[in-house]
Amino acid sequence: MKKRFILLCLLMTVFKMNSIAQNSSTFSNGAVQTVQPKVMVIPFTKEGEDIRTILEADVNRRIAITKVKEAFDSRGFTTVDFVAKLKAAKDNNVFTSDNQSDIKTQIIQMSGADIYILTEVSTQESSTGNSVNLVLTGYEASTGNSLANKVGFSGKFYTSDFGQLSAKAVSTCADDFMNTLQTKFTDIVNNGKSVIVDISFDPASQYKMSSEIGSSGLPLSDQLEEWMSKNCYKNNYHIQGTTDLKMIFDDVRIPLKDQATHQNYSSNKFALEIFKYLKSIGLNVKKDIKSNTIYIVIL
């Protein structure tokens with residue numbers, strides 16, 4: 001009887017371990033831990049529309065955003081309330097520009113979200129029935145890389161309740177969208193997020209990629225590749241091409257989180273590390289970051 005009890009306990013333990021493994025992400029050190037992104041759902045805005053007021057004027061967008069957020073909540077994701085963040089930003093006058101792109105960036109940064117979801121809603125009225133089209137696009141917050149996109153359609157119904165039609169459109173695509181997003185995010189956790197590093201020279205610069213810089217005696221292009229192999233995430237990078245005047249790394253992986261602060265690791269932080277390295281070997285440089293591309297110009 002005692003042996004049967006022990007055997008039963010062992011079987012239950014194995015079953016539990018298998019269940020955990022099937023619902024978790026495996027890290028490079030072999031540890032198993034479930035990791036889900038923090039998500040914020042925001043409205044799509046057309047040129048000339050103000051993201052700060054757009055939801056106040058369109059109940060259908062408010063409903064669609066709420067339904068998308070509820071779909072993520074029901075799957076156990078941590079979500080950030082866009083409306084609450086927007087209100088807090090307006091109340092505290094944190095916006096430093098009227099540029100819509102800058103405003104969106106500021107909201108995303110202050111939210112702490114790993115991923116933001118652009119939600120576009122369009123309504124159609126016709127004699128054969130009314131309908132709602134929904135376009136969901138997910139982006140990695142710190143690089144702007146697109147992760148997933150899906151289109152939902154409510155179908156045509158003889159109703160003027162566009163809020164209900166918006167909810168129906170969300171239900172047709174939410175599951176597939178979230179599954180794709182989770183797969184992409186798990187890949188980021190395991191392999192890092194991708195940025196492009198474009199290194200070139202000012203026309204007046206005395207240096208080239210073949211210049212031997214510092215005490216190593218190596219051409220600059222080789223020194224850059226050595227540095228990249230040591231500093232990118234898990235030594236994961238790819239060189240698109242190298243000439244005497246330009247070097248492009250088209251897939252450099254950087255970590256999702258800063259290992260020291262556990263905050264989101266941004267393209268700007270990685271650009272700063274490149275900047276400091278080049279300064280350390282005696283070069284004057286300037287840097288610029290646009291979306292997921294880091295531009296380094298050697299002066």
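None of the figures in this text is laboratory data; all of them are computed from the coordinates on show. The structure displayed is predicted, hence computed values, not measured ones. Virtual Cβ from ideal backbone geometry, glycine too; neighbours counted across all protein chains shown.
Considering amide H positions built from the backbone, and no H for Pro or chain starts, which residues 5 or more places from residue 38, or on another chain, come under 5 Å of its amide H?
Correct list: 114, 115.
How high is the relative contact order of region 113-255, in percent, with contacts defined as C-alpha pairs under 8 Å that are six or more residues apart? Present the calculation step by step, with values, prior to reporting the outcome.
Numbers: 251 pairs, mean separation 25.8, N = 143.
Across region 113-255, relative contact order equals 18 percent.
Can you tell me the FRET efficiency between residue 146 and residue 123 if r is taken as the Cβ-Cβ distance and R0 is 30 Å, rounded to the nearest 0.05?
0.75
Using the count of nearby Cβ atoms within 10 Å as a rough guide to exposure, how do 294, 103, 239 rank from fewest to most?
Ordered by Cβ neighbours within 10 Å, fewest first: 239, 103, 294.
Order of 286, 269 from fewest to most other C-beta atoms within 10 Å? Could the numbers behind the result be given before it?
Working: 286 11, 269 15.
By the 10 Å Cβ count, ascending: 286, 269.
Have a look at the DSSP beta bridges in region 34-190 and tell me what percent are antiparallel, nearest 5.
Taking every DSSP beta bridge within region 34-190, about 70 percent pair in antiparallel fashion.
Expressed as a rounded percentage, what relative contact order does region 192-298 have, with Cα pairs under 8 Å and six or more residues apart? Mind dumping the intermediate values first?
Values: 182 pairs, mean separation 37.7, N = 107.
Worked out over region 192-298, it gives 35 percent.
Given a cut-off of under 8 Å on Cα pairs at least six residues apart, what relative contact order in percent is computed for region 34-190?
Computed value for region 34-190: 25 percent relative contact order.
Of 189, 41, how do they rank once you tally other Cβ atoms within 10 Å and put the fewest first?
Fewest-to-most ranking of 189, 41: 189, 41.
Go ahead and run the numbers for FRET between residue 273 and residue 84, Cβ-Cβ distance against an R0 of 35 Å, rounding to 0.05. Present the calculation step by step, with values, prior to reporting the outcome.
On the way: r = 34 Å, r/R0 = 0.97.
The computed FRET efficiency comes out at 0.55.
Identify all lysines with a Cα-Cα distance to residue 230 below 23 Å; exclude those on the same chain that are fewer than 8 residues away in sequence.
Those lysines meeting the cut-off are 193, 208, 246, 257, 269, 276, 279, 286, 287.
What number comes out for the charge environment of residue 185, summing +1 per Lys or Arg and -1 per Asp or Glu over other residues with Cβ under 9 Å away? Numbers along the way, then the final one.
On the way: positive: 184; negative: 114, 140, 187.
Spelling it out: positives minus negatives among the neighbours equals -2.
Computed FRET efficiency, Cβ-Cβ of residue 251 and residue 226, R0 25 Å: what is it to the nearest 0.05?
It comes to 0.90.
Label point 7 Å out from residue 56 along Cα-to-Cβ: which residues of region 101-120 have amide N under 19 Å?
Residues passing the 19 Å test: 101, 103-104, 107.
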